[in-house]
Amino acid sequence: MSGEAAWEMVIGLEVHCELATATKLFCGCRNAFGDEPNVNVCPVCLGLPGSLPVLNAFAVELAMRIGTALHCEIRPSTFARKNYFYPDQAKDYQISQYDQPINTGGWLELPDGSRVGVTRAHMEEDTGKLTHVGAGGRINSAHHALVDYNRSGVPLVEIVSEPDIRSAGQAKAYAAELRGILVATGASDGRMEEGSMRVDANVSVRSFGTDSFGTRCEIKNLNSLRSLGRGIDYEAARQIALIESGERVVLETRHWDESAGRTESMRSKEEANDYRYFPEPDLVPLVPDAAWRERVRAGLGPMPADRRSALVAALGGSASEAEADQIRAVVDLGLDELVRAAVDGGAPAPLALARAANEVAAQSDAGLVLTPESFAALLALESGGQLSATQSKAVLGLLLERGGGDPSAVAEELGYEALGADFLAGVVAEVIAANPDEWARYVAGDDKLTGLFTKEVMQATAGKANGKEVAAELRRLRG
Amino acid sequence: MSSAGDPGRPPDSNPVSLSRHDVIHVARLARLTLSDDEVALFTAQLRSVLDHAADVASLDLAHLAPSTRPIAVENVLRPDEPRPGLDRGDVLAAAPAVENDRFRVPRIGGEAP
């Protein structure tokens, strides 16, 4: 056998999540993205002699929330120094958890029902940000580098999966689901493009039916779900081609180049791996007691999987493929509260879901806040027939633009007071009189012409008519 | 970053067998250039330190939990409240080289380990 069909991908992901704390992990400097360089620094995060780290209690709390949401065991843990010479840490070491991480042995369930094991989720500090100068900013040929230590010491949780993932699509689904969980726990804003969530992929291939693992490569610089998928597919194909031509895969770290669409060797792993970890003498063990663990567990809100299930239940227990996509979008964007409120207010679940997944989701980037009450009131007007679909979308557009409001008032402002039945019947009669040939065809059974008549009535009423009522009136006249 | 080594393995295994090769390796990791005489000197010195520590291995400690600290203290935490740091001007004034409000460092081969 040869070709990609004979090979199975084995993928494990390492996800670094920046915690949404106010301050850094071991000092009171602000944890803020996008500030002027080197304004959030102090003796601790600059590694000045005599400074001492003190652990941020809220960072621990967020790490425990992540572990709890991922079904991990929360254990007594310690910190260690990972020693290496690189200017992204002023201390020449990074404080990380090594042999005693806070969270171990969990799992994450994907929307398709598959489970990916979580080996560990440990705490560590982030590094400073390097800018390479000269040679177009390329690392290996740059002239020199500039360091901003604002990010140095920002709290991270690194979530390491088991090598349970078997395709690029599953890797993307894992990263997306994990992002949803990180946001739901309040641990992170989950923004990959700002580096709040960074994903490295360990990729290897093996022939189908083999139990042992092939030699893996770690892929870095996967800055989006799209890069993650492309990087994995490229790397697996590269390894398969190597093996099939009789060569060996070398254990190494590779850099994903998004514009070139390929991975490039960064360094061999054996060379880089001697970090001489030893226990951090300036930090004491972290031992969350049962009461704290229980408080964290009890304080967690529903996770994305629970929220998706709730929406499926609102649909009556099953969802079509299109509805499942809408449900994922709505939950990812945190719009499920809107749908629940509308359904509680009597609107049909499929309609509420569609409005949230389409119209509201399209505007969610603007960061506008629509209250569940407002959304529910609008859906009540639409499902009650007081507003047509077109009118409802127009009102929704204005509500989103303004960040909320009373749908009835907006509808009135747009002149959408419900048309009287007599008035509508009059307009329909006029449109029929103006289109005698089409009317004859409609009477003869050409139902497609409903669209044409509806369009004409909409034009005549400046969009105020309800399409369903127009169609009903046409059917009534046809007899 | 957990890709580094095996988290389940103690960092130091069998220190008794410290060799000249180990000293050269550790010196390289610490960016130290040692002469042959220094390698010999430090190999002997480090070996005697490690041999002394290895005396502990002759005791029966099965009933004791491993300890990395002399006093039993745990959970030293601070609230997540911002505190003023250092003035950037003062900080950068202490740096050997500065450019665009950043620390300027020599060219680096490769990305972070």
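The values are calculated or read from the model by the stated rules, or taken from the named source; none is laboratory data. Quantities reported herein were computed from a predicted structural model and do not represent experimental measurements. Neighbour counts are summed over all protein chains in view; Cβ atoms, including those assigned to glycine, are modelled from backbone coordinates with ideal geometry. Ligands, DNA and RNA are excluded from the accessible area calculation, which covers all protein heavy atoms including side chains. Shrake-Rupley method; radii C 1.70, N 1.55, O 1.52, S 1.80 Å.
The rows are residues; the columns are (1) of a type in the set (Gly, Ala, Ser); (2) within 19 Å of the chain's Cα centre (by Cα).
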{"site": "A:297", "(1), (2)": "no, no"}
{"site": "A:303", "(1), (2)": "no, yes"}
{"site": "A:311", "(1), (2)": "no, yes"}
{"site": "A:350", "(1), (2)": "no, no"}
{"site": "A:376", "(1), (2)": "yes, no"}
Selection within region A:45-57 - within 7 Å of chain B (Cβ to nearest Cβ) and touching a Gly at 6+ places or on another chain (Cβ under 8 Å) | none
Can you name the residue in region B:62-89 that is loosely packed, with under 10 Cβ neighbours inside 10 Å and not small (Gly, Ala, Ser) and, of all such residues, is farthest from the other protein chains (Cβ to nearest Cβ)?
-> B:63
Tell me, which residue of region A:58-95 that is touching a residue at least 60 places away in the same chain (Cβ under 8 Å), charged (D, E, K, R) and farther than 25 Å from residue A:108 by Cβ is farthest from the other protein chains (Cβ to nearest Cβ)?
-> A:81
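With respect to residue A:180, determine if the residue is touching a residue at least 60 places away in the same chain (Cβ under 8 Å) and either in a loop (DSSP other than H, G, I, E, B) or outside the structural domain of residue A:155 (by TED's automatic domain parsing) (or both).
Working: touching a residue at least 60 places away in the same chain (Cβ under 8 Å): yes; either in a loop (DSSP other than H, G, I, E, B) or outside the structural domain of residue A:155 (by TED's automatic domain parsing) (or both): no.
When the stated conditions are applied, residue A:180 does not pass them.
Taking residue A:145 as the residue in question, decide whether it is closer than 29 Å to residue A:45 by Cβ and at pLDDT below 95.
Here the answer is yes, as residue A:145 does meet what is asked.
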Going through region A:375-425 in order, the residues found to be hydrophobic (A, V, I, L, M, F, W, C) and within 21 Å of residue A:455 (Cβ to Cβ) are A:387, A:389, A:394, A:395, A:414, A:418, A:419, A:421, A:423, A:424, A:425
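One line per residue, one yes/no per condition, for (1) open to solvent by 70 Å² or more (accessible area, probe 1.4 Å); (2) more than 11 Å from every other protein chain (Cβ to nearest Cβ); (3) free of Cβ contacts under 8 Å to residues at least 60 places away in the same chain:
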| residue | (1), (2), (3) |
| --- | --- |
| A:192 | no, yes, yes |
| A:195 | no, yes, no |
| A:208 | yes, yes, no |
| A:213 | yes, yes, no |
| A:227 | no, yes, yes |
| A:252 | no, yes, yes |
| A:256 | no, yes, yes |
| A:263 | no, yes, yes |
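Any idea which of A:37, A:43 is farther than 30 Å from residue A:237 by Cβ and without any contact (Cβ under 8 Å) to a residue 40 or more places away in the chain?
Just one listed residue meets the conditions, A:43.
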(1) of a type outside the set (A, V, I, L, M, F, W, C); (2) buried (at least 19 other Cβ atoms within 10 Å of the Cβ); (3) more than 12 Å from chain B (Cβ to nearest Cβ): which one isn't true of residue A:104, the others all being true?
-> (3)
For region A:436-479, what are the residues that are assigned to a loop (DSSP other than H, G, I, E, B) and either open to solvent by less than 30 Å² (accessible area, probe 1.4 Å) or among the charged types (D, E, K, R) (or both)?
-> A:446, A:447, A:448, A:461, A:463, A:464, A:465, A:466
Does region A:128-146 contain any residue that is open to solvent by 50 Å² or more (accessible area, probe 1.4 Å) and either hydrophobic (A, V, I, L, M, F, W, C) or touching a His at 6+ places or on another chain (Cβ under 6 Å) (or both)?
-> yes
Scan region A:127-146 and give yes if some residue there is more than 10 Å from every other protein chain (Cβ to nearest Cβ) and more than 24 Å from residue A:257 (Cα to Cα), otherwise no.
-> no
In region A:57-95, anything polar (S, T, N, Q) and either open to solvent by 10 Å² or more (accessible area, probe 1.4 Å) or under 26 Å from the mean Cα position of the chain (by Cα) (or both) is listed as A:68, A:78, A:83
Which residue, of A:322, A:291, is within 14 Å of another protein chain (Cβ to nearest Cβ), among the aliphatic types (A, V, I, L, M) and loosely packed, with under 13 Cβ neighbours inside 10 Å?
-> A:291
Test each condition in (1) among the hydrophobic types (A, V, I, L, M, F, W, C); (2) within 14 Å of chain B (Cβ to nearest Cβ); (3) surrounded by 15 or more Cβ atoms within 10 Å (Cβ to Cβ) for residue A:312 and report the one that comes out false.
-> (2)
Long-range neighbours under 8 Å by Cβ, at least six apart or interchain, first residue under 23 Å from residue A:155 (Cα atoms) within region B:81-108, second among the hydroxyl-bearing types (Ser, Thr, Tyr) = B:81/A:23; B:82/A:23; B:83/A:23; B:102/A:131; B:103/A:149
Name every residue in region A:199-229 that is out of contact with any strand residue (DSSP E or B) (no Cβ under 8 Å at 6 or more places or on another chain) and either of a type outside the set (A, V, I, L, M) or closer than 14 Å to residue A:165 by Cα (or both), in order of residue number.
-> A:209, A:211, A:224, A:226, A:229
Test: residue in region A:264-276 that is at pLDDT 90 or above, among the aromatic types (Phe, Trp, Tyr) and either more than 30 Å from residue B:74 (Cβ to Cβ) or over 24 Å from the mean Cα position of the chain (by Cα) (or both) = no
Filter region A:154-176 for residues that are open to solvent by 10 Å² or more (accessible area, probe 1.4 Å) and of a type in the set (D, E, K, R) and give the result.
-> A:162, A:164, A:166, A:172
Go through the residues of region B:97-111 one by one and say whether even a single one is of a type in the set (A, V, I, L, M, F, W, C) and either assigned to a helix (DSSP H, G or I) or surrounded by fewer than 12 Cβ atoms within 10 Å (Cβ to Cβ) (or both).
-> no
